[in-house]
Each structure stands twice: as structure tokens, then as C-alpha cells.
1. I'd like to verify a number: residues in region 105-153 that are closer than 30 Å to Glu89 by Cα, within 16 Å of the ligand (Cβ to nearest atom) and of a type in the set (Val, Ile, Thr), how many?
2. So in region 256-271, with the set limited to residues that are in contact (Cβ under 8 Å) with a residue 12 or more places away in the chain and among the hydrophobic types (A, V, I, L, M, F, W, C), which one is surrounded by the most Cβ atoms within 10 Å (Cβ to Cβ)?
3. Report, by residue number, each residue of region 142-190 that is in contact (Cβ under 8 Å) with a residue 24 or more places away in the chain and β-branched (Val, Ile, Thr).
4. Hey, any hits in region 5-12 for a residue that's of a type in the set (Val, Ile, Thr) and at pLDDT 95 or above?
5. If you scan region 119-163, which residues turn out to be closer than 18 Å to Asn213 by Cα and part of a strand (DSSP E or B)?
6. Tally time: how many residues in region 133-150 are surrounded by fewer than 19 Cβ atoms within 10 Å (Cβ to Cβ), within 24 Å of Ala164 (Cβ to Cβ) and of a type in the set (Val, Ile, Thr)?
7. Check every one of the helices (runs of 4 or more DSSP H) wholly within region 167-246 and list those with 2 or more residues that are within 16 Å of the ligand (Cβ to nearest atom) and among the acidic types (Asp, Glu).
8. Can Lys212 be described as within 30 Å of Thr147 (Cβ to Cβ) and touching a Leu at 6+ places or on another chain (Cβ under 7 Å)?
Amino acid sequence: MAVIESSTQDYLRTKKLPHIWCPGCGNGIVTAALIRAIERADYDQSDVVIVSGIGCSSRAAGYLNFNTLHTTHGRALAFATGLKMARPELKLFVIMGDGDCSAIGGNHFIHSARRNLDLNAVVVNNHIYGMTGGQHSPLTPTGKKATTAPGGTLEREFNLLDLAKGAGATFGARGTAAQPRQLEQLIARGANHKGFSVIEALSPCPIAYGRKNKLGGAVDMLRDMKDSSISVERAAGMEEADLKDKKITGVIYNYDVPEYAEVYYRSIGKD
Ligand code: SF4
């Protein structure tokens, strides 16, 4: 059995292990980055709530030793909104997969962005519905295969952070499982942001997505992920044509807008 870093172990329900994830899945890397980001923020463990929907990445809630809510498909943000409004002092992290967040939960996602309640959405984007059978999601790149797109996806994919920004999100960042320390820092910065933050975590699914698209094993996928990512600082000096097929990483936007719960409680004289 692998040795778990002692600080990480404090935040895991070790009795729930081993986890269900396939060998080479990026979900463990993203979950570990989330744990370190929470540890870095130095929150009281009892003040942290992890809310998740349905899907491979959402199973993380069961392994994490905080207050946890494993909810229904696409509805994690709706549950999180109710909890945050009732208990605004709590620190909420909402783990969702790409289909969970942008298809089934798309309406909750755009309205959470518009509302600007202080929630931290960590969207694990592996470009596919892994747990439910390898169907394509709104974040499957055009042309990539899925069980529901055997000839390649015909639709254009959302740019998740652009979608969130258009809906009013005040903090958007992108990291990858291939660069876990950067991902940890981005989640920590999102946690410090007062308002709705979206962290898109690109993550390999070597089984449901990688096999179908002949992308090699987990190491190949991680290497490709790293090679095709570019920091927002470097990208700023490049032509748009040179950025085609690149994934820009880092904090993409960060706006200062009044947070919803504060505005609401002030409006009813309870601030
Ligand atoms: S199906 Fe994909 S996302 Fe799900 S656990 Fe396996 S590798 Fe991970």
C-alpha cells in the first residue's frame, strides 16, 4: 500500500480507501491538490464543506475528512447555494465533473456565476462522462470520440471559463493534473477570492476517453497535457494563431464584485 503524506492523511477518511478510480486517473491528483490548498488556507477542518454531484471525480467527497455532501447529478451547486446562504461562515468547495457541471448542471452553473455567492467550484475536466459510460459532454473537443459519438463529436465544445465569465463569474483559473503544485496554488487563490470562483482542472481519463481516442496511457496523456498548456503570462505576448490547441493556465480573470450573501443579509438588515 502506498505511503500517504501525513498531512494529507489527516484530511482523508482512510477507512473508505482504496478508492474506486482506475489506475492512472487524474482524480487523485486533483483531490490531493484540493487538500493541500485547503491546508494552505489554514481553515478549521470543521468549517470546510465539500459538496459534489455525480461522476468519477465527485466520489472524492466520500474520501475527504471534512463535512461532505454527495448530492444528485448536476445539482451540487444548488445544494451548496442553500447551505452557504444558511451558514455563510462555512468554506464551501464544490467538486464537479465536466458533464455534471456544464450539461446536467449547466443552469445551476451559469446562475451561480451570475449570483456571485462565495463558492469555490473545482471542475474536473476530463472531456467525457467517465462513470456513466463514456458519453461526450459539452467539454469534449470537437472530433474526439465517445460512446455517443463513435465518429467523433460534431458539436463545438464550451470554453468553460469563457462561459462562466459571460455569466458573471468573478474569478476564473485553469490548471492541470500534470502541474499539481500550480493547481494547488490556483485552488488556494480561488478560495481567497470573495465571490464565485471557478477552477477548471484538466485531468486525464485514460480509460473512458484515452482508450477511445488512442491517446496512449496515463503518462502519455499527462505529458501531452503539460506540453499543450501555456501560462497566461506567456500567452499574453503570443499571436492568436500560435495559441490554437493550447490550453492557457493560471488566473484568467479576477474581478472585485460584491458577494451575494453579504449583499442579501445587508438588504434585510442582518449584516
Ligand atoms: S473512468 Fe476515467 S475518470 Fe473515471 S475513474 Fe476511470 S480513468 Fe478516472
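The values are calculated or read from the model by the stated rules, or taken from the named source; none is laboratory data. In this text the structure is predicted, and so the values were computed from the model without any measurement. Ideal geometry is used to build each Cβ from the backbone, glycine not excepted, and the neighbour counts take in all protein chains shown.
1. Adding up the residues that qualify gives 3.
2. Filtering region 256-271 for residues that are in contact (Cβ under 8 Å) with a residue 12 or more places away in the chain and among the hydrophobic types (A, V, I, L, M, F, W, C), the one surrounded by the most Cβ atoms within 10 Å (Cβ to Cβ) comes out as Ala261.
3. If the condition is that a residue be in contact (Cβ under 8 Å) with a residue 24 or more places away in the chain and β-branched (Val, Ile, Thr), then Thr147, Thr170, Thr176, Ile187 are the ones that fit.
4. The answer is no; no qualifying residue exists.
5. Our first condition is that a residue be closer than 18 Å to Asn213 by Cα; within region 119-163, this holds for 125-157.
Selection gives Asn125, Tyr129, Gln135, Ala146, Ala149.
6. Total meeting the criteria: 1.
7. Helices (runs of 4 or more DSSP H) meeting the threshold: 218-227.
8. No.
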